[in-house]
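Laboratory data are not the source of any read-out in this text; all were calculated from the coordinates shown. The model shown is predicted, which means the values in this text are computed figures rather than measured ones. Cβ atoms come from the backbone with ideal geometry, glycine included; neighbour counts cover every protein chain shown.
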Amino acid sequence: MRIRSRVRTAPVDPNPSGGHCAMDRYRRLDLARRSMSEIENDTVDEYLRGNLSRRQFVARASVLGMSGGLVAFLAACGDDDSTTTTTKAGATTAAGATTTAAGATTAAPKPGGTVKIGCTAPSASIDPVKVGDLGGLIVLYQVGDYLTFSGSDLVLRPGIAEKWEPTGAKDGKEWTFTIRQGVKFHDGTALTPDDVVATFDRLADPANKSNALSVFKGVLTKGNVKANGQNVVFTLDAPNGNFPYLVSTDNYNAIIVKKDYASDFETKPIGTGPWKLEKYTPKQGASFVRNPDYWGTKPTFDRAEFTFYADEAALVLGLQSGAVDIAHAVSIAGGKPLAGGYSPNLIPSTAHRQLHMRVDQDPFKDKRTRQAVALTLNRPEIIKGLFDGKADLGNDSPFAPAYPSTDKSVAQRAQDLAKAKSLLAAAGQDKGFDIQLNAIKAQEVPDYATLVQNAVKPLGINVKTVVQDAGEFYGDAVFGKSPWLDATMGIVDYGHRGVPNVFLGAPLLSDGTWNSAHFKNSTYDGLVKDYFSALDVASQKTVSKKIQELLLDETPIVFAYFFNYTSWSKKDVTGYGITGMGQLDLTKAKKG
Amino acid sequence: MTTAVPYPPDAPPRRRLLTLRTALRSPVFLVGAAVLGFWVLCALVGERFAPYDWSATDPLQKNLSPSWDHLFGTDRLGRDVFSRVIVGARDVLTIAPAATLLGTVAGTAIGLLTGYLRGWVGQVLDRLNDSFLALPFLLVALAFVAARGPSSTTVVLAIAVGFTPIIARTVRAAVLVEREKDYVVAARLRGERAPYVLVAEILPNVLGPILVEFTVRLGYAIFAVSTLSFLGAGVQPPSPDWGLAVAENRGFFQLYWWPVLFPCLAIASLVVAINLVADALREATA
Amino acid sequence: MGRFLLRRLLSAAATLLVLSVVVFAFLNVLPGNPGRAIMGNLADEAAVQALNDELGYSDPLPTRYFRWVGGVLQGDFGQSYAFQRDNGPLIWDALFESSKLALMAFSLVVPLSLAGGVLAGLRKGRLADRTISTVGLSGIAIPEFVSGLFLVFLFAITWEWFPGQARAEEGANVLEQAYHLVLPSLTLVIVLFGYIARMARAGTIDAIESDYTRTATLKGLPRSTVLRRHVLRNGLVPTVAVVSTQVGYLIAGLAVVETTFVYPGLGSLIIQAIPKRDFPLLQSAILVVGILYMVSTLLGDLVTAALNPRVRLGSEG
């Protein structure tokens, strides 16, 4: 018997009237709260008290696996700008900020045809275990599914997992995911919880040298994932309040593949996704055909053809010349020539640059010197110049304004040259100094370096910029053999993450592998440990406030901005969605 | 490989002063020299005459189109393009001549040796030379920059390394012709040692083609500096270098043509000027 | 002629051997680590190390050199680090694409510039000569990326006459492909016209002023016969030599044009491989460029020798 997958649709309050909400609200809320866990109730409290924005509430609630219907109901009552968005999974959640192009949900599109996409070329071979770049994860996403989907609004949505929740002691050490039934791999076999277990064992096994180890190290150990009926139970090394993000599209290596997968993805690209990989030509392109047996919303188009471009300027030209329908993930600056003639689709992200100053080397040994440098930057102006304002202000910690756990009561650092001068004088460096700034050659980074160079000039600090390509800049990426990690002052690129865990760890912990600032602070290390294990947003916020204040004071790294991307399409191409990580969802894309 | 040199230098000795005077009278030479002179002046004192500080950024004044305030408009960081074009002559007019000179000296030395020596030294040098020549110049320079990390010094060395075998080949061809001539044969019969014959007898007589080659290479060096900068392997930001400016602003060419077009015109005018000078010199020596 | 050919072939083989050592030594002192360059800074160190081991990058230098050269001798160009597949097909595909572009550019520029050059040579010092020379000079002076972008701006974006990208859609017919190659070919024509026309002009002038032409004219031969028999034939000798060296340029030095027009040729393959530290691909691709250059120079020399016996004798002396 053929099992037709049932698409879960959460009821969204159809009545937009606030009165109805107000009347119904307490009755329904009261009923619901009786069945909620303590953490869930706490989250609702935070939201009702106004400590969480609607957007942050929806995001937080999604991590905890709270009922979609209730979340939608609450969110819709919070304010009235909520819209309905759908993910590739087909589940409907109420949330504001989404990146589904306008017109996504109107009128049923006519099936058939081909959609053409231009994007960055994958930099290495495509293997779910090894992939580490945008081009690669875009290809993976078409073919595969994740347990959960992390939207660009930071809201988690169901994928292969229908629902999830902290179980056991409910302290975030044990998480249970219920696996969707009726999901089929491209070769026709049914997906089982065993495939999920094998996938995560493979990623967490140090012997496989998976790229996902940077996420799972200290979080998940091989063998601690168990199938239990239709459920998969993860027992973590330590409580982790953000674990559902770590198995989402954010952790792009975690697509669910068959349990006997043998590192042969390019020849046998078997996933459960909406598209089947038809042909893959390194550095040139990939073509996909519609998966007629997909469990979620089946793609509108019959075919999707990807063309890989070596650089952004070429990608933009590709769209202009009509070679592609969508130019995916273009920087704000790079997409400028497209304004007017093409439709933008903003991808909010927490991607950023880190300007580090080595705390163990002169002239930055004194924290006042580091503070002085940070105080010279006119951040709003930098954002205006580099991103036309389409970026969030950074406050010298990984806590981007978009994260629900960010404590926004911590004062934003602003330009203050007088204070900078007096701090520098207090540090005994009132005459300034010469310093070399190593910057990676990536997008706007060289321009950012130029702006930094000019900003510190009034302090008498004379910066010499050295821009290096990725190969040279990362070097061996171990201390002593890498300009990135060894330079006294440097700028490196970091991509988007749905939670700040990675940003808080490797670049700043005393034993962090990417600690280019050579920052060693046991108070900080302790705080981060507390943050990782905090399960509810209130306790996360208590810790994050302390972390934000500590980092502002120490300033090992300047976080000046968190920037957004844009995908551009021909005006008649609509309906495609994008995750913050950069995955492109084409299932609902349509032309005309 | 002698065939690749199209101009067997048969210029009789001791006519160099005369040729220089002939060249000076040619209008082509004068136009070229005037443009070249203008850019040299800009490189030397341009910073003092530029209306704005070439490095001053102002994100709020970015991408302004040309106006009386900003003759050539402003770039993506709000810097004055006119001032940057004026000062932009500096890097290229330092790097290109230095690289060409270095390449010419090294190439001349190698060319003299390989052209004159018959033994295994000549053979080995010849093979090395050929293997380098078998690589497109640009790739040699690119790999070299990748190996050493981009900086002005690296670009000088890269271009010099790339030029050396090319110049060596020209010199070698000239030497091959000269060494069979009577005056060299006579010197050898007199019992002069090789170094003397090379430096005192042959070198003065191959200076003509070397000078021409130098000017031609200088034009190409400027082209090369710009191209390396365009490919991101040249001069470092925030230098106002022209090639770098084109590379940095190329993505916005169709929106904001001024930060691309003006540096392009500058590159073109400079290289054309040098080529005119080189051409006039060659005509005069031929 | 046979001895000449043999000598040239032997010396080419020796040069290739030296070239392989030079290229290998040169590239492998590049700083950086391919695994890290491929996977980016956010990749886990163990994963990077594993990739390096898998790629064979962790082996000592001599092992890597002999593995490479041994492979090449058997027709195996090794495995690309970045793409993790055989270099051979990668290089041949790119070369095939470059050849299409080169062929198109060549078929436009050679007749055009020879005609221009000879005309300029015959009318030395007159308006036609000065115009052709100045246009040629300007073309040489403007870097490819500038003229290329300018052509795109005018013909692809403003007027929309030609596509701004060199690569046609998959399965496109010859005409469509040629249509896509118009702008990049024109960019190359702009650069090459000056070079070749200049050589043709100089060769023509040399020939006109040479004794044998003067003798022929004095003998009373008609001007057209003198032109055909002496001027053209002798004037073309240096031109052929230059054209043959430009084949090397055309196939590999296309890098800038290919980068500007997003064309998957050999030049752009090499340029993209440098920041990735894809040593095996770089080594092999550069070696192929070297071989191509030598073959074309050799062919050029043979043609020159056939046209002008003096060169042949000179080389053997």
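Listing A:Lys258, A:Lys457 from fewest to most neighbouring C-beta atoms within 10 Å gives A:Lys457, A:Lys258. Per the Cauchy relation, a quarter of the hull surface: what is the mean projected area of the convex hull of the alpha carbons in chain B, in nm²? Result: a mean projected hull area of 16.8 nm². Loop-resident chymotrypsin sites (Phe, Trp or Tyr not before Pro) (DSSP state other than H, G, I, E or B) in the range C:187-220 with no more than 13 further Cβ atoms inside 10 Å of their Cβ are absent. With R₀ fixed at 30 Å, the C-beta to C-beta distance from B:Asp182 to C:Tyr65 puts the FRET efficiency at about 0.05.
Cβ-Cβ distance of A:Thr281 and B:Ser269, R₀ of 41 Å, FRET efficiency by 1/(1 + (r/R0)^6): the value works out to about 0.45. Debye calculation, C-alpha points only, no solvent: report log10 I(q)/I(0) for the range B:157-210 at q = 0.20, 0.27 Å⁻¹, in the same order as the q values. Here the Debye-derived log intensity ratios amount to -0.71, -1.02. Beyond 25 Å in Cα-Cα separation lie the following of the pairs A:Lys116/A:Lys336; A:Lys209/A:Lys390; A:Lys163/A:Lys591: A:Lys209/A:Lys390; A:Lys163/A:Lys591. The mean sequence distance of close C-alpha pairs (under 8 Å, at least 6 residues apart), as a share of the length of chain B, puts its relative contact order at 28 percent. Distant-in-sequence amide contacts of A:Ile578, defined by a placed amide H-H separation under 5 Å and a gap of 5 or more residues or a different chain, comprise A:Thr99, A:Thr100, A:Asp585.
For the range A:166-178, the Karplus equation 6.51 cos²θ - 1.76 cosθ + 1.60, evaluated at θ = phi - 60°, returns couplings of x, 10, x, 6, 6, 9, x, 8, 10, 10, 10, 10, 8 Hz by residue, with Gly and Pro reported as x. Arranged from fewest to most other beta-carbon atoms within 10 Å of their beta carbon, A:Lys570, A:Lys541 become A:Lys570, A:Lys541.
Every pair of different Cα atoms in the range B:147-286 enters the Kirkwood calculation, which places the hydrodynamic radius at 17.7 Å. Structure remark: mean-square fluctuation, Gaussian network model of chain B, C-alpha springs under 10 Å; the largest value among B:Val145, B:Val40, B:Val85 belongs to B:Val40. Normalised by 2.2 N^0.38 Å, with N the number of residues, the alpha-carbon radius of gyration of the range A:463-540 equals 1.28.
In this simple spin-label approximation, C:Arg228 and A:Ala169 carry label points 7 Å from Cα along the Cα→Cβ vector, and these lie 10.2 nm apart. Sorted largest first, the spans of the alpha carbon positions of the range A:111-233 along the three principal axes are 49, 35, 33 Å.
Where does the charge balance sit around B:Arg188 when Lys and Arg score +1, Asp and Glu -1, over other residues with C-beta under 10 Å from its C-beta? Taking every other residue near B:Arg188 into account, the sum is +1. Taken over the range A:312-461, the percentage of Cα pairs per 10 Å bin, counting from 0 up to the bin with the maximum distance, is 10, 33, 31, 17, 8, 2. Note: relative contact order over the range C:47-180, using C-alpha pairs below 8 Å and six or more positions apart, is 8 percent. For the pair C:Leu218 and C:Arg85, the difference between a 0.36 nm per residue extended length and the Cα-Cα distance amounts to 41.2 nm. For the range A:314-379, the gyration tensor built on C-alpha atoms gives a prolate shape. Its axis ratio a/c (a ≥ b ≥ c) is at least 1.5, and a/b is the larger of a/b and b/c.
Projected label points at A:Leu417 and C:Asn28, each 7 Å from Cα along the beta carbon direction, are separated by 5.4 nanometres. Contact order for the range B:130-286, expressed relative to its length and based on alpha carbon pairs under 8 Å spaced 6+ residues apart, stands at 23 percent.
Taking a quarter of the surface of the Cα convex hull of the range A:189-256, what do you get in nm²?
Projected area, direction-averaged: 4.7 nm².
Within chain B, what is the longest stretch that has no GluC sites (Glu not before Pro) placed in a DSSP loop and near at most 15 other beta-carbon atoms within 10 Å?
Longest run free of exposed loop sites: B:1-179.
Ordered by the count of other Cβ atoms within 10 Å of each Cβ, fewest first, B:Val121, B:Val31 give B:Val121, B:Val31. Once phi is turned into θ = phi - 60°, what whole-Hz ³J(HN,Hα) does the Karplus curve with 6.51, -1.76 and 1.60 give for every residue of the range C:259-265, x standing for Gly and Pro? For the range C:259-265, the Karplus curve yields 5, 5, 9, 6, 10, x, x Hz. If you take all other residues with their beta carbon under 11 Å from the beta carbon of A:Gly223, and give Lys and Arg +1 and Asp and Glu -1, the sum is 0.
Pairwise alpha-carbon distances in the range A:481-592 exceed 21 Å for 52% of all pairs.
Couplings for the range A:136-146, taken from phi via the Karplus curve 6.51 cos²θ - 1.76 cosθ + 1.60 with θ = phi - 60°, read x, 6, 5, 5, 4, 4, 5, 8, x, 10, 10 Hz in order; Gly and Pro are left as x. When chain B is treated as a Gaussian network with alpha carbon springs shorter than 10 Å, the biggest mean-square fluctuation among B:Leu30, B:Leu60, B:Leu228 belongs to B:Leu60. Seen from B:Thr108, the other residues with C-beta closer than 14 Å to its C-beta sum to a net charge of +1, counting Lys and Arg as +1 and Asp and Glu as -1. A DSSP coil position with no more than 14 other Cβ atoms inside 10 Å describes the following chymotrypsin sites (Phe, Trp or Tyr not before Pro) in the range A:392-484: A:Phe479. Taking label positions 7 Å along the Cα-Cβ direction at both C:Trp159 and B:Arg25, the computed distance is 4.4 nm, reported to one decimal.
Amide H contacts under 5 Å for A:Gly285: A:Phe308, restricted to partners 5 or more places along the chain or on a different chain, H placed in the peptide plane at 1.01 Å from N.
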